[in-house]
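Chemist: Here's a structure for you.
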Amino acid sequence: MKTENVSRSVLAAGVGAVLAATALLYAPDFAPGLFDQGPPPPPGPADRAVLAANAGAQASLPDLAALIGDREKWLKTHPADEASWAVLGTAYVERGTRLADVTYYPRAERALKRSLAVRPAARGNLDAQLGLAALANARGDWRTARRWGEAVRKEEPKRWSAYPPLIDAYNGLGDYKAAQKALADLEELHSGGAVSARAAQMYRDRGWREDASAAASDAVAQAETGAEKAAAFARLGDLAWERGEPAEAVEQYRSALRLVPEHGPSLAGRARALAALGRTEAAMVDYRAALARLPRPELVLEAGELYESLGLDGDARTQYEQLRTRPWVGAEVVLGLFEADHGDPAAAVRRLKAEWARGHRSVQVADALGWALFRSGEPKEALEYAKRATDEGLRSALFSYHRGEIERAVQAYGPARRHLAEALRINPAFSPLLAPKARESVAALGDPPDELPKELRPEPAPSAAPAAPVRSGPPVRSEPPVRSEPPVRSESPGAAKPAAEARQPR
């Protein structure tokens, strides 16, 4: 199926990191003398959300909702509290990202701008700026996110919460060196599950699978809350799925769902893995549950393609119609792939070229643009983008499949055979529609030829003497062999002795 699922879960962790920075400024009010009367009461839901954020952890959705309600109520009577406006706006971003509910984003923007109106950026309102960076990332506006994040980093380089939104922005722009440097800076300033999660993403994007799994396991061990631990297990499931290990992926998603029974990313991941195991009825049940809680466009496309692979064309059309009609935000890659395969490839090219022109040059955009160009009949131009997508390091079965089909179209049969086989080796069930096509293409290409390509063949050795000309005319009668006479021995002193005589048969 056509998604790279780790990125979205890590993005949500990045929003949580920004919330941690702003939540530090919010502390619940305690009655005077409360601590003289005994131990304080256990924290309520809003307080738990603040404590989780301050630790860099992910709060539960109910606790996050309680924090939002608490700040909304407070701001009705304290509208000049810029810190609470920043907390509220950033909490809106996190809730919208984790629920795939874009209606939270305009509310977040209003709250964050209200914070800046009370205390402008020039006067050091870093929290609202970080909230705007998280909002821009959620909307797929990587340049704006980079601008806000770099402004905060310049003002306060030791502020660890500035780095997660910067990492997201750099990855979205395809500036992977800057993303790696930002991660190194983050690791020097902070530790914990959120940092290990980002390290897992970075290792995975570079193709270091064992390191990615180790870092993801660290994120599970370091998780501060049930929500954060569930996200960490889901990340391990995603990595197992991408390695072509669906049974292992199912177990990791089950661990996440035991902690958070309605965890949308884990329901979607388990659906994907169950489909790969041939358990399509259970997969469809999980997809329906996932989409009810997390209606992301990539999941809509996955479900549609599963239905299509099973011959459920009506259900597939229902999913595809949602992709055409709903107001998606930050979904250019998914919508481009959808148009390339199920709609108008030329429209996909226009959409993705516009994204490329905006400076959004990640491997995901490169792969989708290359595929759209191929589907619209431009395989030579497509190949350059496909190479860029696969050469960065990420081991993606989908990327390898796309490149192999493009190479096949330009008659580069050797590389095509290698990349199509690689796609199936990475994950034999990477897509219910495309994996069977990959197997068909490999079979059509056949085995590689026994002889070396012309450019690799050794040069023939030069002949010692020219070949005798072919004699024309009637055939010459063969004469019996003549016995050779022994050579005459040289009588001159110092002459070399003759070689032994070779006996000829009579």
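Chemist: What's the number of the only condition in (1) farther than 27 Å from Leu398 by Cα; (2) touching a residue at least 24 places away in the same chain (Cβ under 8 Å) that Glu187 fails to meet?
Modeler: Result: Glu187 fails condition (2) only.
Chemist: Could you give me the residue pairs with C-beta distances under 9 Å whose first residue belongs to segment 279-296 and is more than 27 Å from Thr103 (Cβ to Cβ) and free of Cβ contacts under 8 Å to residues at least 24 places away in the same chain, whose second residue is surrounded by fewer than 19 Cβ atoms within 10 Å (Cβ to Cβ) and hydrophobic (A, V, I, L, M, F, W, C) wherever it lies, and which are 6+ apart or on separate chains?
Modeler: Filtered contacts from segment 279-296: Ala283/Leu277; Met284/Leu310; Met284/Leu312.
Chemist: Also, I was wondering about something else. Being under 19 Å from Ala136 (Cα atoms) and outside any helix (DSSP H, G or I) is the filter here; which residues of segment 348-384 pass it?
Modeler: Answer for segment 348-384, where residues must be under 19 Å from Ala136 (Cα atoms) and outside any helix (DSSP H, G or I): Arg358, Gly359, His360, Arg361, Ser362.
Chemist: Of the residues in segment 223-270, how many are farther than 21 Å from Met202 by Cβ, part of a loop (DSSP other than H, G, I, E, B) and of a type in the set (A, V, I, L, M)?
Modeler: Of the residues in that region, 1 qualify.
Chemist: OK, next. Considering every residue within segment 197-206, establish whether at least one is closer than 19 Å to Arg395 by Cβ, within 20 Å of the chain's Cα centre (by Cα) and in a loop (DSSP other than H, G, I, E, B).
Modeler: Yes: segment 197-206 contains one or more residues that are closer than 19 Å to Arg395 by Cβ, within 20 Å of the chain's Cα centre (by Cα) and in a loop (DSSP other than H, G, I, E, B).
Chemist: Please go through segment 63-88 and pick out each residue that is touching a helix residue (DSSP H, G or I) at 6+ places or on another chain (Cβ under 6 Å) and of a type in the set (D, E, K, R).
Modeler: Matches in segment 63-88: Asp63, Asp70, Arg71, Glu82.
Per-residue answers, yes or no, for (1) touching a residue at least 24 places away in the same chain (Cβ under 8 Å); (2) of a type in the set (D, E, K, R); (3) crowded, with 23+ Cβ neighbours inside 10 Å:
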position	(1), (2), (3)
Glu302	yes, yes, yes
Leu306	yes, no, yes
Ser309	yes, no, no
Asp313	no, yes, no
Arg317	no, yes, no
Leu323	yes, no, no
Pro327	yes, no, no
Val334	yes, no, no
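Chemist: Condition first: in a helix (DSSP H, G or I) and closer than 22 Å to Ser213 by Cα. Now tell me which residues in segment 392-450 satisfy that.
Modeler: Ala397, Leu398, Phe399, Ser400, Glu422, Ala423, Leu424, Arg425, Ile426
Chemist: Identify, by number, the condition in (1) more than 18 Å from Glu298 (Cα to Cα); (2) in contact with a Pro (Cβ under 9 Å, 6 or more places away or on another chain) that Ala346 doesn't meet.
Modeler: Here Ala346 clears every test but (2).
Chemist: In addition: On the given criteria, is Ala128 assigned to a helix (DSSP H, G or I) and surrounded by 24 or more Cβ atoms within 10 Å (Cβ to Cβ)?
Modeler: Here the answer is yes, as Ala128 does meet what is asked.
No value in this document is a laboratory result; all are computed from the given coordinates. Fair warning: this is a prediction, and the values are worked out from it, not measured in the lab. Cβ atoms come from the backbone with ideal geometry, glycine included; neighbour counts cover every protein chain shown.
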